[in-house]
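Novice: Structure incoming, see below.
The values are calculated or read from the model by the stated rules, or taken from the named source; none is laboratory data. In this text the structure is predicted, and so the values were computed from the model without any measurement. Methodologically, a virtual Cβ is constructed for each residue, glycine included, from the backbone with ideal geometry; neighbour enumeration extends over all protein chains shown. For the accessible areas, the whole protein counts, side chains as well, though only heavy atoms, and no ligand, DNA or RNA atoms are used. Shrake-Rupley method; radii C 1.70, N 1.55, O 1.52, S 1.80 Å.
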Amino acid sequence: MIWNWLFKKKYNKNHPDFWKDYISSFDKKNKKPINETRFVAWDTETTGFDKKEDRILSLGAVEIINKTIKANNTFEIYIKQDIFKPETVKIHGILKDGDLKKVSEIEAIERFLKYIKNDILIAHHAGFDYGMVNEMLLRHGLGKLKNDFIDTSILFSKSKHIIYHSNLKKHYTLDELCKELNVSMADRHTSIGDALITALVFLKTISRLDKRNVLKWDYLLKG
Amino acid sequence: MKNSIAERISDFLKDFPPFNLLKEKHLLEIASDVSIIYLEKGDVLYKKDEAFHEYFYIVRNGGVSLYHHDMDDNKHMVNINDAGDIFGVRPLINKEDYKLTAIANEESIVYGIPIEIFQSVTKNNVKVYKYLITSFASNAYDPYTAEENTKIFVDYLPNTSQDIANFQTADYTKNPICCNENSTLKDAAIKMSEFKIGCIIVVDDKKYPLGIITSSDIKNKIATGLFPITTAVTNIMSSPVMSDKKDLTVADAQLKMIKYNIGHLCITEDGTPNSKLVGVLTNHDVITALGNNPAAILKDIKRASRTKTLRTARRKANGLLKSYLEQNIPLTHIINIISQINDAVTMKAIEIALEKMPTPPPVTFSWLALGSQGRKEQLLFSDQDNALVFEDVAEEKYKDTQAYFLDLAKLVTKSLNKIGFEYCEADMMASNPVWCKSITQWKAQFKDWILNPDDKAILLSSIFFDYNHIYGNLNLEKELTDAIYSTLNETSLFIRFLARDALKNPSPLGFFKQFLVEQNGEHKDLFNIKYRALMPLIDTARLLVLSNQVRGINNTYERFEKMAELEPNNKELYESCAYAFKALLKFKTKQGILHNDSGKLIELETLTKEEKLKLKRCFKPLHDMQETLKLRFDLANF
């Protein structure tokens, strides 16, 4: 029993192969310099804010390597869901039976994990998106996401000079950051649009931190 | 799979050339492979001599500067690319390493456009390539690299208004001078000098072209001692030759010459070097075919004997100006050419007037251009501002002498008016007795302006400090300038008045970063780019050179560039002022051409968002400059 617990396998044989590959990819992860590291900025659109009740309608992600985002390797997926809340359509614009090609949750999970690999994830108010994805993984008998993550909302607060810390806000909305950092708000409230915006917010914030010479891995990843 | 990012990129690209010439599906194909690159201020995108990237670039946000390196590896800024400008197209055209360095001028986002995909969807699209070559040439051109490039880049790029010429069949030289492959270089050179030609084609017995020898080959390979004069022509010639068919169009010939960086094309029977040579097309032939060029216009002016001819020539220059602007030729180059033409026109108008006078002038004189012509930055027709200085004469002769020059000036201003330069509303012209005086009187006038400044005098006199000698006795102008600078040494009050005057128009952006528009009058709600943006820069530049005793530089942008040299710690600010001035002047000129007026009043609604952004970007250096002036000349309590 205790052996079982100590050597608890990270996955069991019932898990699908893509999950096994995902989990085992973390075994051999070693840190590269920041400018060679692949970051994945991502966002979700959901039917609401309740982790248990609500569902993910779309996932969008872009990869950043050396300050560059490649348009030919972006991730954009729409998910078939039974739960549908008409009142949220005005935010994300995804109709229940629209023209968008939609896939099942499990297919979305597989493709998402293959896209993010074991790289560092970036999201705005990351906790929410994490929670939503983890709930989805749970529904399919899988574990939680294992990637390191950076929350742009927190990262931005750190980029502000210490003298402003006393009157810093706790939460910066993505809209506020767009304004402050001069990022175009085109395609705001689509998951892929917000992923790109988050990526740009991340790059601009990093460059501010870099000027202050504090750009180290532990600094970046520490919540 | 849906790619919203690519759709968004293609949505941006479609508004800018050359992408606006592409089909939507091709644009999306390109956009799907774009790299979105974030650059911090100072980040280097590519360096001179770096191997070419698989992308060329377009600025999405911010600005990227291109620098040329001189022999001592000093950097000179060639151009700043703003949103929508493409750059780094050298690899697209000739797969060469970069010749310039691209550095982010501010925090920027650029799109890397994949060359391979771009080429696969644009092949055979002549319009796209014409645009690219033009854009390439305009960035590649600057005073430092002009020598390296084929001269053909400089003035004679294909453009829409010259399409007719472009698609004409090129008029090549038939029966070109040739020499046999067995000839010695000396034989060839004798033949070249006999026929007064710059190149000779080496042919074989069947008259197939083998190679070409130009004067510079002789300079580089013989005169340097690399080969003896008795060497065979085959050792010297460039080979193989580039060839084409008889029905080649001017546009295609030009593209080929630019692409392969050559000045001569062999015309052969079937278009390949493996057939009989029938002619040679030189870049000079291409230039002549395109006609509208400054050399031809200047020739017309020099030969003119009547005002009417001058008028026609000056009108032609307006056509030239328009095509230059369309082609994005660097403004400095445009300014140089147009002001040379303006000066030549004025000079000729004076010569014509002198012939009409019953007697030659009693003493020597100097005709001065004032204001924008004096600063050599007049592009469109504007008011004529001028003055006349004549040699000192005995007091009893003064009246008659002045009367003579007033008559002369009346003839000149009248013909300038006929040519298209309006009379000056404030009557600041040499035909006005107040501005037609002896050198002693002029010195006294300037002394009075400088030593007893008041706001009215400053308003009146500032354009007189931008004078430029056009015709006559250059020494008079020098004498006057000496007197002015020595008087300036006596007082600092005048400089402070000038400084205050330069600040009278605050930065053109209001509190909410909105453009300040005219509040009332017939120009209500229009933005006055001359008074709000150009004049403050012009006034500032003048103030700076006068207070630093810099002589002989009249251009506003050159004045700022000089200041950048004198004060390295403010280099960046001065350089951005120089750039802003050029950008604003270009803007005003384009507006002027569009609306057929001076271009100084701009209807903001007609501008695109990008244009507004470009304008706003120019105001920042102006604002920073004004803040600096306030401190430097201690104007807070003045």
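Novice: A:D27 passes all but one of (1) surrounded by 15 or more Cβ atoms within 10 Å (Cβ to Cβ); (2) acidic (D, E); (3) modelled with pLDDT under 90; which number fails?
Specialist: Going through (1) surrounded by 15 or more Cβ atoms within 10 Å (Cβ to Cβ); (2) acidic (D, E); (3) modelled with pLDDT under 90 one by one, A:D27 breaks only (1).
Novice: How many residues are over 33 Å from the mean Cα position of the chain (by Cα), among the aliphatic types (A, V, I, L, M) and open to solvent by 50 Å² or more (accessible area, probe 1.4 Å) if we restrict to segment B:228-256?
Specialist: Selection size over segment B:228-256: 1.
Novice: Also, I was wondering about something else. Would you be able to say whether some residue in segment B:270-285 is modelled with pLDDT under 80, within 23 Å of B:S215 (Cβ to Cβ) and hydroxyl-bearing (S, T, Y)?
Specialist: Step one: list which residues in segment B:270-285 are modelled with pLDDT under 80, which gives B:283-285.
From what is left, the residues that are within 23 Å of B:S215 (Cβ to Cβ) are B:283-285.
Going one step further and asking which of them are hydroxyl-bearing (S, T, Y), we end up with none.
No, there is no match, as no residue in segment B:270-285 is modelled with pLDDT under 80, within 23 Å of B:S215 (Cβ to Cβ) and hydroxyl-bearing (S, T, Y).
Novice: Same structure again: Give me the strands (runs of 3 or more DSSP E) completely within segment B:1-98, filtered to those with at least 3 residues that are within 14 Å of another protein chain (Cβ to nearest Cβ), ordered by residue number. Steps first, answer last, please.
Specialist: Working: elements: B:35-39, B:44-46, B:55-61, B:64-69, B:75-81.
Ranges flagged: B:35-39, B:44-46, B:55-61.
Novice: While we're on this one: Of the conditions (1) open to solvent by 40 Å² or more (accessible area, probe 1.4 Å); (2) within 30 Å of B:N342 (Cα to Cα), B:P294 clears all except one; give me its number.
Specialist: All conditions are met except number (1).
Novice: Can you pull out the residues in segment B:114-132 that are outside any helix (DSSP H, G or I) and in contact with a Leu (Cβ under 8 Å, 6 or more places away or on another chain)?
Specialist: Initially, segment B:114-132 is screened for residues outside any helix (DSSP H, G or I), giving B:114, B:123-125.
Listed by number, the list holds a single entry, B:N125.
Novice: Moving on to the next point. Look at segment A:176-195 and say how many of its residues are closer than 16 Å to A:R208 by Cα, of a type outside the set (S, T, N, Q) and assigned to a loop (DSSP other than H, G, I, E, B).
Specialist: Going residue by residue through segment A:176-195, those that are closer than 16 Å to A:R208 by Cα are A:177-183.
From what is left, the residues that are of a type outside the set (S, T, N, Q) are A:177-181, A:183.
With the extra rule that they be assigned to a loop (DSSP other than H, G, I, E, B), the set shrinks to A:183.
Of the residues in segment A:176-195, 1 are closer than 16 Å to A:R208 by Cα, of a type outside the set (S, T, N, Q) and assigned to a loop (DSSP other than H, G, I, E, B).
Novice: Let me ask another. Anything in segment B:167-207 that is open to solvent by less than 20 Å² (accessible area, probe 1.4 Å) and either at pLDDT below 85 or basic (K, R) (or both)? List them, or say none.
Specialist: Matches in segment B:167-207: B:A170 only.
Novice: Next question, about the same structure. In segment A:207-220, is there at least one residue being surrounded by 13 or more Cβ atoms within 10 Å (Cβ to Cβ), assigned to a helix (DSSP H, G or I) and modelled with pLDDT of 90 or more?
Specialist: Looking only at segment A:207-220, we keep the residues that are surrounded by 13 or more Cβ atoms within 10 Å (Cβ to Cβ), and these are A:207-210, A:215, A:217, A:220.
Add one more test, that the residue is assigned to a helix (DSSP H, G or I), and what stays is A:207-210, A:217, A:220.
Going one step further and asking which of them are modelled with pLDDT of 90 or more, we end up with none.
Checked against the condition, which is being surrounded by 13 or more Cβ atoms within 10 Å (Cβ to Cβ), assigned to a helix (DSSP H, G or I) and modelled with pLDDT of 90 or more, segment A:207-220 yields no hits at all.
Novice: Among the residues of segment B:423-434, count how many are in contact with a helix residue (DSSP H, G or I) (Cβ under 8 Å, 6 or more places away or on another chain) and in a helix (DSSP H, G or I).
Specialist: Here the count works out to 1.
Novice: Continuing with this model, one more query. Any residue at all in segment B:536-546 that is free of Cβ contacts under 8 Å to residues at least 40 places away in the same chain, touching a helix residue (DSSP H, G or I) at 6+ places or on another chain (Cβ under 8 Å) and over 28 Å from B:S108 (Cα atoms)?
Specialist: Of all residues in segment B:536-546, those free of Cβ contacts under 8 Å to residues at least 40 places away in the same chain come to B:544-545.
Then keep just the ones that are touching a helix residue (DSSP H, G or I) at 6+ places or on another chain (Cβ under 8 Å); that gives B:544-545.
Those left that are additionally over 28 Å from B:S108 (Cα atoms): B:544-545.
Checked against the condition, which is being free of Cβ contacts under 8 Å to residues at least 40 places away in the same chain, touching a helix residue (DSSP H, G or I) at 6+ places or on another chain (Cβ under 8 Å) and over 28 Å from B:S108 (Cα atoms), segment B:536-546 yields at least one hit.
Novice: If you don't mind, another one. Please go through segment A:41-56 and pick out each residue that is assigned to a strand (DSSP E or B) and away from every other protein chain (no Cβ under 14 Å).
Specialist: Result: A:T44, A:T46, A:I56.
Novice: A follow-up question, please. Can we say A:S191 is among the small types (G, A, S), within 22 Å of B:I9 (Cα to Cα), surrounded by 13 or more Cβ atoms within 10 Å (Cβ to Cβ) and at pLDDT 80 or above?
Specialist: Numbers: among the small types (G, A, S): yes; within 22 Å of B:I9 (Cα to Cα): yes; surrounded by 13 or more Cβ atoms within 10 Å (Cβ to Cβ): yes; at pLDDT 80 or above: yes.
For A:S191, the condition - among the small types (G, A, S), within 22 Å of B:I9 (Cα to Cα), surrounded by 13 or more Cβ atoms within 10 Å (Cβ to Cβ) and at pLDDT 80 or above - is met.
Novice: Is it the case, given these coordinates, that B:I529 is in the same structural domain as B:E611 (by TED's automatic domain parsing), closer than 26 Å to B:I329 by Cβ and either touching a strand residue (DSSP E or B) at 6+ places or on another chain (Cβ under 6 Å) or among the aromatic types (F, W, Y) (or both)? I'd like the intermediate steps shown before the answer.
Specialist: Details: in the same structural domain as B:E611 (by TED's automatic domain parsing): yes; closer than 26 Å to B:I329 by Cβ: yes; either touching a strand residue (DSSP E or B) at 6+ places or on another chain (Cβ under 6 Å) or among the aromatic types (F, W, Y) (or both): yes.
Here the answer is yes, as B:I529 does meet what is asked.
Novice: For residues that are more than 10 Å from chain B (Cβ to nearest Cβ), open to solvent by 50 Å² or more (accessible area, probe 1.4 Å) and in a loop (DSSP other than H, G, I, E, B), tally how many sit in segment A:58-92.
Specialist: Within segment A:58-92, residues that are more than 10 Å from chain B (Cβ to nearest Cβ), open to solvent by 50 Å² or more (accessible area, probe 1.4 Å) and in a loop (DSSP other than H, G, I, E, B) number 5.
Novice: Another question about this same structure. I need the full set of residues from segment A:93-115 which are assigned to a helix (DSSP H, G or I) and more than 10 Å from every other protein chain (Cβ to nearest Cβ), in order please.
Specialist: Narrowing segment A:93-115 to residues assigned to a helix (DSSP H, G or I): A:105-115.
Residues satisfying the conditions are A:E105, A:I106, A:E107, A:A108, A:I109, A:E110, A:F112, A:L113, A:K114, A:Y115.
Novice: Go through the residues of segment A:97-109 one by one and say whether even a single one is surrounded by fewer than 18 Cβ atoms within 10 Å (Cβ to Cβ), of a type in the set (D, E), in contact (Cβ under 8 Å) with a residue 24 or more places away in the chain and touching a helix residue (DSSP H, G or I) at 6+ places or on another chain (Cβ under 8 Å).
Specialist: yes
Novice: Continuing with the same structure: Going through B:Y67, B:Y98 one at a time, which residue ends up being aromatic (F, W, Y), touching an Asp or Glu at 6+ places or on another chain (Cβ under 7 Å) and either in the same structural domain as B:V126 (by TED's automatic domain parsing) or touching a residue at least 40 places away in the same chain (Cβ under 8 Å) (or both)? Give the steps one after another, and end with the answer.
Specialist: Values: B:Y67 fails: touching an Asp or Glu at 6+ places or on another chain (Cβ under 7 Å).
Exactly one residue qualifies, and that residue is B:Y98.
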